[in-house]
Every structure is written in structure tokens, then in C-alpha cells.
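Only one structure is covered here, and it is reproduced in the block below.
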Amino acid sequence: MNEPVTTDRQQWMAVLARATTAEIRNCLPKAPALPHHKPLRGPEVGLVMMQGRAGGDGANFNFSEVTVTRCAVSLDDGTIGHAYVLGRDHEQAELAAILDAALQSDASRILWLDMVIRPLAEQQASRKSDQAGRAAATKVQFFTMATMR
């Protein structure tokens, strides 16, 4: 695999990991049928240690454990797809693994990107923008308050 595909794969896996099962399912009717696959591992639930940093740039410390569901599938052509998603959603992990495998095919990648990944990424960007707008509305301007005295 060359570098651009690896970067693309990181991006589509990030989008699939943040999407809910319902959001993924909503994109699938417009897309081609999911390829036939067989499970290699899972979906199975486990724990992962989450790390934090003091002040954002200090030393790492173990913050908490989070529940993660992982899944690996193999398509008929031998392509293997993997997925790790936060939480206990078996269906989300399996769909993400199947889509990961399907997106590795040069022949159908653009179709899957257009039909599934881009709409999900746009939803996530919109949601992030809305959250940022709500957070900005609560921002306190301390400089302004100091000059009002």
C-alpha cells in the first residue's frame, strides 16, 4: 500500500469510528450492496487504557479505561478489514470493518467514498461546527469586563 492510500484509510477509519450505526445504515441504501464477507475476529468487546496529559503538554498519565469493540472481516477476494470503535456496538464495528475492506479496493473506492464516507464526514463536520458555535456563545470576555469598571 502506498502512502496516500494509508492516509486515506486513516481518514475513512476515523469517520467510521465516530459515526453511529444509524448514521452508517442511513448511507447504505444509496451505496452498492455490502460485499460478502466472513468474520475473522469478533465483534468482541474489551477495555483499552486511555491516557491524558497534564496541561495538554505534560507527561502522560493513565486516565481511565474505555470500552472498545473490535472486529476483523475478510472479503471473498482476501481483503481484510479491521475496525475498533468506542463502546459496545457490535453492528457498528462490523459495518466499519466491512467498509474498511471494501474501501481498500481501487475499483470501488471512489464509489464508497462518495456514497458513505463523504456524507458521514459532512454530518460530523456540521455537528462539530454547531457544538463550537454553542460553546462560543458562552465565552466570557474577561478583558471587556475589566475595561467596563
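The values are calculated or read from the model by the stated rules, or taken from the named source; none is laboratory data. Not measured: the values here are computed from a predicted model. Methodologically, a virtual Cβ is constructed for each residue, glycine included, from the backbone with ideal geometry; neighbour enumeration extends over all protein chains shown.
If I filter the stretch 86-95 for residues that are in contact with a helix residue (DSSP H, G or I) (Cβ under 8 Å, 6 or more places away or on another chain), of a type in the set (A, V, I, L, M, F, W, C) and over 18 Å from Pro32 (Cα atoms), do I get at least one hit? Lay out the reasoning, then the answer.
Let us first name the residues in the stretch 86-95 that are in contact with a helix residue (DSSP H, G or I) (Cβ under 8 Å, 6 or more places away or on another chain), namely 86, 89, 91-92, 95.
Checking the rest, the ones that are also of a type in the set (A, V, I, L, M, F, W, C) come to 86, 95.
Right, trim to over 18 Å from Pro32 (Cα atoms) and you get 86.
Looking for residues that are in contact with a helix residue (DSSP H, G or I) (Cβ under 8 Å, 6 or more places away or on another chain), of a type in the set (A, V, I, L, M, F, W, C) and over 18 Å from Pro32 (Cα atoms), one finds at least one in the stretch 86-95, hence yes.
Can you name every residue in the stretch 107-139 that is part of a helix (DSSP H, G or I) and among the basic types (Lys, Arg)?
Within the stretch 107-139, Arg109, Arg118, Arg127, Lys128, Arg134 qualify.
Taking the stretch 54-63 as the search range and keeping residues that are of a type outside the set (Phe, Trp, Tyr) and assigned to a strand (DSSP E or B), which one is nearest to Glu94 (Cα to Cα)? Steps first, answer last, please.
Start the filter on the stretch 54-63 by keeping residues that are of a type outside the set (Phe, Trp, Tyr), which leaves 54-60, 62.
From what is left, the residues that are assigned to a strand (DSSP E or B) are 60, 62.
On the way: Asn60: 31, Asn62: 29 Å.
It comes out as Asn62.
Starting from residues that are out of contact with any helix residue (DSSP H, G or I) (no Cβ under 7 Å at 6 or more places or on another chain) and among the charged types (D, E, K, R), keep the ones in the stretch 101-129 and report whichever is surrounded by the most Cβ atoms within 10 Å (Cβ to Cβ).
Result: Arg118.
Filter the stretch 86-101 for residues that are touching a Lys or Arg at 6+ places or on another chain (Cβ under 8 Å) and among the hydrophobic types (A, V, I, L, M, F, W, C); which is nearest to Lys30 (Cα to Cα)? Break it down stepwise before answering.
The initial filter retains those residues of the stretch 86-101 that are touching a Lys or Arg at 6+ places or on another chain (Cβ under 8 Å), namely 93, 95, 100.
Subsequent filtering for residues that are among the hydrophobic types (A, V, I, L, M, F, W, C) retains 93, 95.
Numbers: Ala93: 20, Leu95: 15 Å.
Here the residue is Leu95.
Filter the stretch 15-53 for residues that are in a helix (DSSP H, G or I) and loosely packed, with under 13 Cβ neighbours inside 10 Å; which is modelled with the lowest pLDDT? Before the answer, list the steps.
Restricting attention to the stretch 15-53, the residues satisfying the condition of being in a helix (DSSP H, G or I) are 15-18, 21-30.
Next, only the ones that are loosely packed, with under 13 Cβ neighbours inside 10 Å stay: 22, 29-30.
On the way: Ala22: 96, Pro29: 93, Lys30: 88.
Per the stated criteria, the residue is Lys30.
Of the residues that make up the stretch 63-79, is at least one surrounded by 10 or more Cβ atoms within 10 Å (Cβ to Cβ), of a type in the set (Lys, Arg) and over 15 Å from Leu120 (Cβ atoms)?
Yes; the residues of the stretch 63-79 include at least one that is surrounded by 10 or more Cβ atoms within 10 Å (Cβ to Cβ), of a type in the set (Lys, Arg) and over 15 Å from Leu120 (Cβ atoms).
State whether one or more residues within the stretch 88-100 are surrounded by fewer than 16 Cβ atoms within 10 Å (Cβ to Cβ), basic (Lys, Arg) and at pLDDT 95 or above.
Among the residues of the stretch 88-100, at least one is surrounded by fewer than 16 Cβ atoms within 10 Å (Cβ to Cβ), basic (Lys, Arg) and at pLDDT 95 or above, which makes the answer yes.
Consider the stretch 22-60. How many of its residues are within 25 Å of Thr79 (Cβ to Cβ) and of a type in the set (Asp, Glu)? Walk me through how you get there before you give the answer.
Here is the first cut: in the stretch 22-60, the ones within 25 Å of Thr79 (Cβ to Cβ) are 23-46.
Those left that are additionally of a type in the set (Asp, Glu): 23, 44.
Within the stretch 22-60, residues that are within 25 Å of Thr79 (Cβ to Cβ) and of a type in the set (Asp, Glu) number 2.
Which residue, of Leu75, Leu95, is in contact (Cβ under 8 Å) with a residue 40 or more places away in the chain and farther than 13 Å from Ala19 by Cα?
Sole residue among the options that is in contact (Cβ under 8 Å) with a residue 40 or more places away in the chain and farther than 13 Å from Ala19 by Cα: Leu75.
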